[in-house]
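*Asks:* Could you have a look at this structure, given as structure tokens, before my questions?
Just so it is clear, none of the values below were taken in a lab; they were calculated from the coordinates. Treat the numbers as computed from the prediction; the structure is a model and nothing was measured. Here Cβ is always computed from backbone atoms with ideal geometry, including for glycine, and neighbour counts include all displayed protein chains.
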Ligand code: NI
């Protein structure tokens, strides 16, 4: 396994729409394993392939406290949304920024698992929010896109400052 470098906002590569996975083979499973390791090391609760500069529709999620519930969703598609929820979100591509975003409270998602099997599952609360956030990444969308332009500019400046400090 390998830890992959994570792209940071406003990197234009985060804006590329990811391509569907045609066949779930060992190279896809290796990508999933590397993404999980990268997410745990960060640490974070979700990661999408475009964040590690791979333009494929693959996301990994683990909302447990002890790395006990790794999920991988390949070619995920939300087929049902219910309710509204506002939660504070963060993102490994927008480090140290947390802002409230409104999303569906419950979603049903269809995807391929790491064996290429089609699965349909319902999720709510944090998991539902996480799934929606990660699927956005596959469309080249970031959670800061839901904020005002003014807020986005402030975030950009803050990240610039952090970058300068760590260089
Ligand atoms: Ni994110």
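*Asks:* Give, in nm to one decimal, the length gained when the segment between residue 86 and residue 98 is fully stretched (0.36 nm per residue of separation minus the Cα-Cα distance).
*Replies:* Details: separation 12, 0.36 × 12 = 4.32 nm, distance 1.25 nm.
Result for the pair: 3.1 nm of gain on full extension.
*Asks:* Now, a different point. How would the stretch 1-103 be classified by its alpha-carbon gyration tensor: rounded, prolate or oblate, with rounded meaning a/c under 1.5 and the a/b versus b/c comparison settling the rest?
*Replies:* Rounded shape, in that the Cα axes give a/c under 1.5.
*Asks:* Going by how many other beta carbons lie within 10 Å of each one, how would you line up 131, 6, fewest first?
*Replies:* In increasing order of surrounding Cβ atoms, one gets 6, 131.
*Asks:* Sticking with this structure for a sec: Under the definition of Cα pairs under 8 Å and six or more residues apart, what whole-number percent is the relative contact order of the stretch 84-146?
*Replies:* Answer for the stretch 84-146 is 28 percent.
*Asks:* Return one number: the angle in degrees, 0 to 90 and rounded to the nearest 10, between the long axis of the Cα atoms of helix 149-166 and the longest principal axis of the Cα atoms of the chain.
*Replies:* 90 degrees
*Asks:* Using helices alone, what [θ] at 222 nm do you get for the chain, with -39,500 (n - 2.57) per DSSP H run of 4 or more residues, divided over all residues and rounded to the nearest 500?
*Replies:* Estimated from H runs of four or more residues: -9500 deg cm²/dmol.
*Asks:* Based on other C-beta atoms within 10 Å, arrange 125, 134 from fewest to most.
*Replies:* 125, 134
*Asks:* Going by how many other beta carbons lie within 10 Å of each one, how would you line up 39, 1, 87, fewest first? Present the calculation step by step, with values, prior to reporting the outcome.
*Replies:* Values: 39 26, 1 10, 87 15.
Ordered from fewest to most neighbouring Cβ atoms within 10 Å, 39, 1, 87 come out as 1, 87, 39.
*Asks:* Sorted by average packing, counted as other Cβ atoms within 10 angstrom per residue and highest first, what order do 58-68, 28-38 take?
*Replies:* 28-38, 58-68
*Asks:* If you average the sequence gap of Cα pairs under 8 Å that are 6 or more apart and divide by the length of the chain, what percent do you get for the contact order?
*Replies:* Reported as a whole number, the value is 23 percent.
*Asks:* Looking at the square roots a ≥ b ≥ c of the eigenvalues of the Cα gyration tensor of the stretch 80-128, which shape do they give, rounded for a/c under 1.5, prolate if a/b is larger than b/c, or oblate?
*Replies:* Oblate is the answer for the stretch 80-128, as a/c is 1.5 or above yet b/c matches or exceeds a/b.
*Asks:* Turning to a different aspect of this structure: Under the rule a/c < 1.5 gives rounded, and otherwise a/b versus b/c splits prolate from oblate, where does the stretch 2-45 land using the Cα gyration tensor?
*Replies:* oblate
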